[in-house]
1. Take 70, 266, 65 and order them by how many other Cβ atoms sit within 10 Å, fewest up front.
2. With a bin width of 5 angstrom, please list the P(r) values of region 41-279 as percents of all Cα-Cα pairs, from the 0 bin to the one holding the largest distance.
3. Looking at region 41-279, what % of its DSSP beta bridges pair antiparallel, to the nearest 5?
4. Between residue 251 and residue 198, how high is the FRET efficiency from 1/(1 + (r/R0)^6) when r is the Cβ-Cβ distance and R₀ = 22 Å? Nearest 0.05.
5. Taking only C-alpha pairs under 8 Å that are 6+ residues apart, what is the relative contact order of region 146-292 in percent?
6. Would you mind calculating the relative contact order of region 41-279 from Cα pairs under 8 angstrom and at least 6 residues apart, reporting the percent as a whole number?
7. P(r) for region 172-212: what percent of alpha-carbon pairs falls in each 10 Å bin, starting at zero?
8. Could you work out the relative contact order of region 101-226? I mean the mean sequence separation of Cα pairs under 8 Å and 6+ apart, divided by the number of residues, in percent.
């Protein structure tokens, strides 16, 4: 009876040991597979970039133009942004790599590039702390760029704004004989970066605004709340020219605001866009903006 029980115990231990070894092997294999399949830092940032476009289109911040970029996680002298195309159509395959030094693409492969890529390159050059840049034509923000009333932080979620948002005037740097209001060369881009200074946001007179952040997520949330703040300030001014704006103690630093909460909230509001995959992405962009 005892011998039989001992044999049963040995058999059970052998089976258990074999099972544990098999489980360990499976776990190790699964970890290796996950490691091999895990995206690189830039791949993850491309996913965030595509989400940022969808969010900002859905929130009404990006119109038919405007663009989002991020600084390379592996080479700070490079940045990524999509080819010239409508924001609502941007997919991972459209994202291109550029040099910070001259805002030129590394390998265009015949793809048309954004003429205002100098906004991004010159800001990355001037601001080593910036990891993402957004340029939009927010309709709520533009009126403040054209009036004597500065954009100021008025709602709690916009406490990242400076007490008065700086405003870029392209007439100060547009050379004699030049035309247009777009930032299509490094001189204009550098002047915009100078106006931005250490601020997270700068207006662009009659054009839009630029928002920067320490991540794609942060810049996206800041861009959305810059638009919301502008709408709330304009609404308050319709009631009275005497409005109360936020003061210094009411502003916040990056560690005092949960970026993930609005980011995930915005993401959950997105609509499916599978039908956009069939669009010809090579049709966008102007020929005159390509050579530099």
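1. Values: 70 26, 266 20, 65 15.
Ordered by Cβ neighbours within 10 Å, fewest first: 65, 266, 70.
2. Cα pair-distance distribution for region 41-279, in percent: 1, 7, 14, 19, 20, 17, 12, 6, 3, 1, 0.
3. Numbers: 21 of 23 bridges.
Percent antiparallel among DSSP bridges in region 41-279 is about 90.
4. On the way: r = 14 Å, r/R0 = 0.62.
Once rounded, the FRET efficiency stands at 0.95.
5. Numbers: 130 pairs, mean separation 42.5, N = 147.
Computed value for region 146-292: 29 percent relative contact order.
6. RCO, region 41-279: 22 percent.
7. 27, 59, 13, 1
8. On the way: 201 pairs, mean separation 45.9, N = 126.
For region 101-226, the relative contact order is 36 percent.
Coordinate-derived values only; no laboratory data. No experiment lies behind these values; they were computed from the predicted model shown. Using ideal geometry, Cβ is built from the backbone for each residue, glycine included, and neighbour counts are taken over all protein chains shown.
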